Amino acid sequence: MNEVLFRKANDRIDERVEEHGSQTGTVDFYCECSDRDCTERISITAQEFENVREHAAQFLVRPGHDVPSVEIVVTRTPLYLVVEKTGEAAEFVTERLEDG
């Protein structure tokens, strides 16, 4: 559930960036890991963020914040990972995101 909450917050950040036309430079997005106490930010471009959002079960997390038992790493950079939920975890987040 934590991932879903941070994704929604990041989507609002992305919407504000689009509204203000500031597509250049980096934007600070929240780490979308499962740790409820995580408040780390990830500075990436709006385009990098959009690439993560191409798949509903993908999330943006800091290196070391992935949970191999429920997700796989699909992109690895020095600053962030893109993880994709699998199995029941993928179904759970997809349903929650569809509910709005």
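The values are calculated or read from the model by the stated rules, or taken from the named source; none is laboratory data. Predicted model, so just to flag it, every value in this text is computed and none were measured. A quick note on method: Cβ atoms are made from the backbone with ideal geometry, for glycine too, and the neighbour counts reach across all protein chains shown.
Within the stretch 3-20, the set of residues being at pLDDT below 80 and under 18 Å from Thr39 (Cβ atoms) comprises Glu3, Val4. Filtering the stretch 25-49 to residues that are closer than 18 Å to Leu79 by Cα, part of a loop (DSSP other than H, G, I, E, B) and modelled with pLDDT under 90 leaves Gly25, Ser34. Any residue at all in the stretch 90-100 that is in a loop (DSSP other than H, G, I, E, B), free of Cβ contacts under 8 Å to residues at least 24 places away in the same chain, under 16 Å from Lys8 (Cα atoms) and among the charged types (D, E, K, R)? Checked the stretch 90-100: at least one residue is in a loop (DSSP other than H, G, I, E, B), free of Cβ contacts under 8 Å to residues at least 24 places away in the same chain, under 16 Å from Lys8 (Cα atoms) and among the charged types (D, E, K, R). Any residue in the stretch 1-19 that's surrounded by 13 or more Cβ atoms within 10 Å (Cβ to Cβ): show its pairings with residues that are in a helix (DSSP H, G or I) and at pLDDT 85 or above at Cβ separation under 6 Å, as long as the two are six or more apart or on different chains. As it stands, the answer is Asp14/Phe49; Val17/Ala46, since those pairs meet every condition given.
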